[in-house]
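K.L.:
Before anything else, here's the structure in question.
The values are calculated or read from the model by the stated rules, or taken from the named source; none is laboratory data. Not measured: the values here are computed from a predicted model. Cβ placement follows ideal geometry from the backbone for every residue including glycine, while neighbour counts extend to all protein chains displayed.
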């Protein structure tokens with residue numbers, strides 16, 4: 001795991017975040033997602049700098065379309081967001097889970 005993934009995982013694991021069970025590096029079909037909550041059908045993806053490149057955007061879109069076809073919602077955060085504003089990321093995530 002990258003440092004941003006480790007930081008986020010330290011707050012998601014063991015039902016620490018709103019008592020939700022998250023799995024890390026979870027396989028869904030042909031893809032592996034960073035974090036998955038099956039109860040809420042939520043995937044959290046942590047994107048590094050390479051995700052801004054065009055080929056990565058295409059791959060991410062394909063992956064997201066597949067997950068959405070299964071009724072899974074994808075939420076993305078950048079490494080920078082996690083490293084510089086982890087509290088804001090968690091607040092944003094809670095807001096998205098509440099809607």
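K.L.:
For the stretch 6-39, give me the residue count where each residue is in contact with a helix residue (DSSP H, G or I) (Cβ under 8 Å, 6 or more places away or on another chain), surrounded by 15 or more Cβ atoms within 10 Å (Cβ to Cβ), touching a residue at least 24 places away in the same chain (Cβ under 8 Å) and not in a strand (DSSP E or B).
P.N.:
Residues meeting the conditions: 5.
K.L.:
When the stretch 68-91 is examined, which residues are found to be more than 12 Å from the chain's Cα centre (by Cα) and within 17 Å of residue 36 (Cα to Cα)? Don't jump to the end; show me each part of the working.
P.N.:
Within the stretch 68-91, the subset more than 12 Å from the chain's Cα centre (by Cα) is 68-71, 80-81, 83-88, 91.
Answer for the stretch 68-91, where residues must be more than 12 Å from the chain's Cα centre (by Cα) and within 17 Å of residue 36 (Cα to Cα): 68, 69, 70, 71.
K.L.:
Name every residue in the stretch 28-52 that is out of contact with any strand residue (DSSP E or B) (no Cβ under 7 Å at 6 or more places or on another chain) and within 16 Å of residue 2 (Cβ to Cβ), in order of residue number.
P.N.:
Passing the criteria: 48, 49, 50, 51, 52.
K.L.:
Is there a residue in the stretch 47-59 that is in a loop (DSSP other than H, G, I, E, B), modelled with pLDDT under 95 and more than 14 Å from residue 77 (Cα to Cα)?
P.N.:
yes
K.L.:
Could you tell me which of the residues 93, 67 is part of a helix (DSSP H, G or I) and touching a residue at least 40 places away in the same chain (Cβ under 8 Å)?
P.N.:
Of the residues listed, the single one that is part of a helix (DSSP H, G or I) and touching a residue at least 40 places away in the same chain (Cβ under 8 Å) is 93.
K.L.:
Picking from 97, 90, 70, which residue would you name as being at pLDDT 95 or above and surrounded by 12 or more Cβ atoms within 10 Å (Cβ to Cβ)?
P.N.:
Working: 97 fails: at pLDDT 95 or above; 70 fails: surrounded by 12 or more Cβ atoms within 10 Å (Cβ to Cβ).
Result of the check over 97, 90, 70: 90.
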